[in-house]
Amino acid sequence: MKILNPALKGLLKLRWSSIDNFLLNPQNTQIMVFNSLIHSGQFTEFGRKYNFQHINQLRDFKNNVPVHEYDDLKPYIHKMMEGSQNVLWNSPVSWFAKSSGTTSDKSKFIPVSNESLEDGHYKSAKDVLALYYRNFPQSGILTGKCLTLGGSHQVNQLNADSYYGDLSAVMIQNMSYFTQLIRTPDTSIALMQEWEEKIDKMAHSTIKEDVTMIAGVPTWTIVLIKKIFEITGKTNLHEIWPNLELYMHGGVNFAPYEQQFNHLIPSPRMRYLETYNASEGFFAAQDIIGRDGLLLFLNHGIFYEFMPLDQQGKQFPETLQLEQVEVGKNYALIISTNSGLWRYVIGDTIQFVTTDPYRIKVSGRLKHFINAFGEEVIVDNADDAIAKACKETNSAVNDYTAAPVYFSEDSNGCHQWVIEFAQEPNDIGLFTDILDKTLQHINSDYEAKRYKNIALRLPIVNVVPKGTFNDWLKSKGKLGGQHKVPRLNNDRNLLEEILSFSLISEA
């Protein structure tokens with residue numbers, strides 16, 4: 001592998017000119033992507049319905065094509081899964097990324113075309129490494145292997161020629177032979193469906209590898225690391241993989257997990273890089289480690305629109321383009337892609353951190369928030385407050401969810417948090433107080449509602465045993481992969497269910 005390192009670095013450097021081009025010409029780059037998508041889409045069932053052949057400019061597109069949520073596109077996707085082609089996209093689509101995004105019983109199946117794999121997910125992954133090497137030219141990450149925590153896939157029963165699985169599994173299954181050589185574990189383990197057995201086999205099979213980078217969601221990466229420690233008796237991951245230097249994470253905010261990783265990998269040589277990679281596309285990644293914000297990838301087969309939140313629910317909302325956005329404002333992300341997702345609302349809200357270049361951060365979900373009292377607490381607020389409380393009480397959180405407690409005859413409202421700690425604080429009252437004060441500091445609406453306890457009183461924090469959230473996910477058939485518990489809910493259904501589940505588990 002060490003012999004290949006210079007050649008691989010040389011190939012990655014070829015991506016620099018493409019990256020620099022969209023950095024220097026962001027608006028023109030997006031218009032080129034838009035024109036290419038419309039040209040391809042005109043030959044599809046969807047394109048014929050919305051007269052793509054007569055769309056000559058962006059204004060026509062916005063006037064002719066309504067925004068879509070998953071249920072709007074579901075009939076088209078179902079036809080594709082049955083084997084029909086040229087429905088949403090004009091090239092054959094045989095893979096579908098299974099995504100829940102929540103822990104509901106309903107799953108989404110996102111079409112994944114060859115173009116979206118090659119020009120989207122894979123090209124973005126190359127660009128992440130190219131940017132990393134630009135910042136750290138002496139890096140040796142390509143002298144070893146990348147440990148990837150993938151999901152699973154299976155044959156789609158509607159059509160023997162089409163397949164579905166977690167996005168990570170779809171990507172692993174379709175990687176080139178050469179790329180497979182620089183990742184671990186073996187595909188037979190990486191794509192196992194039974195998650196607990198997979199973690200065990202993954203730990204045993206990777207211990208003797210020279211792992212230089214890890215990619216995966218923080219929760220399952222921590223589970224794997226602890227399993228490796230259990231097998232080896234070690235307490236520092238660098239004792240097992242001395243050349244490990246990079247962890248690429250995404251899917252959830254890293255802040256609540258940062259302290260745990262610093263404990264598991266106590267080394268100043270370790271670097272952490274955030275990516276924004278969803279079933280619908282690879283949207284952004286940190287171009288400079290340590291700097292706030294993720295660089296928005298503009299030439300990877302995705303056309304972006306940014307919807308102000310007051311437009312939510314409208315069939316033809318007013319949306320903004322890059323030159324119109326403002327730093328610090330929340331926008332719903334609307335995408336059109338080279339998999340045939342047209343004006344698709346993915347459900348995430350983002351904020352721009354900078355506009356030269358365009359860097360974003362994920363601020364929450366359109367449907368995951370608490371606004372029972374006009375406080376408008378979003379996931380970004382909650383993650384920041386949890387991270388601050390953990391840091392100041394020397395504690396660590398595995399998982400959490402929160403919901404409102406509504407007014408009663410003898411009490412005003414509050415927020416109730418169900419938290420599973422990896423390391424509990426000595427004083428849960430102090431933790432609660434810091435959590436509350438941090439939310440007040442970063443959210444003026446919450447602060448106003450907390451003023452003199454008039455609308456909201458101090459939050460309630462319930463601590464549940466370790467393993468509660470994983471056991472609950474397992475009971476729902478959602479253990480592993482991209483499944484995760486929604487952080488915030490505007491009703492109490494999920495929180496009550498998890499609380500009841502923890503009591504049953506303890507009994």
Check: Counting residues that are more than 30 Å from residue 126 (Cβ to Cβ), at pLDDT below 95 and not assigned by TED's automatic domain parsing to the domain that holds residue 133, which helices (runs of 4 or more DSSP H) fully inside the range 1-84 reach at least 2?
Finding: 70-81
Check: So is residue 311 surrounded by fewer than 22 Cβ atoms within 10 Å (Cβ to Cβ), over 27 Å from residue 170 (Cβ atoms) and touching an Asp or Glu at 6+ places or on another chain (Cβ under 6 Å) or not?
Finding: yes
Next item on the list: Specify which of the listed residues (399, 491, 433) is over 27 Å from residue 254 (Cβ atoms) and either modelled with pLDDT of 85 or more or not assigned by TED's automatic domain parsing to the domain that holds residue 257 (or both).
Entry: 491
Next item on the list: Test residue 351 against the criterion of being in contact (Cβ under 8 Å) with a residue 24 or more places away in the chain and surrounded by fewer than 17 Cβ atoms within 10 Å (Cβ to Cβ), and give yes or no.
Entry: no
Next item on the list: Say whether the condition of being surrounded by fewer than 20 Cβ atoms within 10 Å (Cβ to Cβ), within 23 Å of the chain's Cα centre (by Cα) and modelled with pLDDT of 90 or more is met by at least one residue in the range 229-241.
Entry: no
Check: Among the residues of the range 186-203, which ones are part of a loop (DSSP other than H, G, I, E, B) and closer than 20 Å to residue 251 by Cβ?
Finding: 191, 192, 193
Next item on the list: For the range 248-258, enumerate the residues that are touching an Asp or Glu at 6+ places or on another chain (Cβ under 8 Å) and assigned to a helix (DSSP H, G or I).
Entry: 255, 256
Notebook entry, point to check: Being surrounded by 22 or more Cβ atoms within 10 Å (Cβ to Cβ), in contact (Cβ under 8 Å) with a residue 24 or more places away in the chain, in a strand (DSSP E or B) and in contact with an Asp or Glu (Cβ under 9 Å, 6 or more places away or on another chain), is that true of even one residue in the range 429-438?
Noted result: no
Item checked: Pair list, Cβ < 6 Å and 6+ apart or interchain, from the range 259-275 residues that are in a loop (DSSP other than H, G, I, E, B) to residues that are surrounded by 18 or more Cβ atoms within 10 Å (Cβ to Cβ) and among the hydrophobic types (A, V, I, L, M, F, W, C) -> 265/237
Item checked: The listed residue being in a strand (DSSP E or B), over 19 Å from the mean Cα position of the chain (by Cα) and not polar (S, T, N, Q), out of 389, 402, 385 -> 402
Item checked: the range 314-348, subset farther than 21 Å from residue 278 by Cα and of a type in the set (Lys, Arg), residue surrounded by the most Cβ atoms within 10 Å (Cβ to Cβ) -> 329
Note to self: Going through 200, 161 one at a time, which residue ends up being farther than 20 Å from residue 277 by Cβ and at pLDDT below 90?
What the structure shows: 161
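The values are calculated or read from the model by the stated rules, or taken from the named source; none is laboratory data. Since the model is a prediction, treat every value here as computed from it, not as a measurement. Note that each Cβ is placed from the backbone with ideal geometry, even for glycine, and that neighbours are counted across all protein chains shown.
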